[in-house]
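Structure record follows, encoded as structure tokens.
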Amino acid sequence: MADVNFITDETVRLRLRPFIESDLPAFITYRNDPMVARYQSWEGISQEEAEAFLREQQSIQPDIPGQGMQIAIEYKETGALIGDCYFIINEHDRHQAEIGYTLARAYQGRGFATEAISCLLTYVFTRFHLHRIIAITDCENAASVALLERIGMRREGHFHQNIWFKGKWGDEYLYAILREEWFKRNVFSLS
């Protein structure tokens, strides 16, 4: 079994770390932004729900299959919480996992999500000795589709009207990348 909690990792501009109490206001703000929530499973979050979420995240163990965790994305220059990443090891196959991500609107379109997800992929492939990682996105979410393709994930599936989502049937794409593909593409990540 790996260490109990996610260990902080960094990029040039970002720090991926566990959530802390001072993240609460920024977390509530971006989780309640309708444009940020547009392609997410949630619509918003109350103060009480956000406080409970932060408490829960402090006890999550990322190496337990089927137990997902959110990882805070901090902008190092200001120390501000700008979003979060999601990570879950597959409940039935601990060599596979799924990732997700959310970024506050003010930080979208500036390469932060690409940087954060690239860091997360290197971290989880290395730390958990994973074979394959997937990401699922709404087919209408052009920014997410572009991000997943930019980092080298391959579109493996197009699910037609497979999800009842915000009052209508939605389509989703499934993207995946293998450990060997990730590290071949990102040789610098091995150090």
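The values are calculated or read from the model by the stated rules, or taken from the named source; none is laboratory data. None of the values given here were measured: they were computed from a predicted structure. Backbone-built Cβ (ideal geometry, glycine too); neighbour counts: all protein chains shown.
Inspect all residues belonging to segment 62-81 and state whether any of them is of a type in the set (Val, Ile, Thr) and touching a His at 6+ places or on another chain (Cβ under 9 Å). No, the conditions are met nowhere in segment 62-81. Every listed requirement among (1) on the phi > 0 side of the Ramachandran plot; (2) surrounded by 14 or more Cβ atoms within 10 Å (Cβ to Cβ) is met by Tyr101 save one, (1).
Report yes if some residue within segment 150-167 is outside any strand (DSSP E or B), surrounded by 13 or more Cβ atoms within 10 Å (Cβ to Cβ), at pLDDT 95 or above and not aliphatic (A, V, I, L, M); otherwise report no. Yes, some residue in segment 150-167 is outside any strand (DSSP E or B), surrounded by 13 or more Cβ atoms within 10 Å (Cβ to Cβ), at pLDDT 95 or above and not aliphatic (A, V, I, L, M). Name the single residue that is surrounded by the most Cβ atoms within 10 Å (Cβ to Cβ) among those in segment 33-78 being among the hydroxyl-bearing types (Ser, Thr, Tyr) and under 16 Å from Pro18 (Cα atoms). Applying the filter and picking the extreme gives Tyr75.
Against the condition within 17 Å of Leu121 (Cα to Cα) and among the hydrophobic types (A, V, I, L, M, F, W, C), how does Met69 come out, does it pass? Yes, satisfied.
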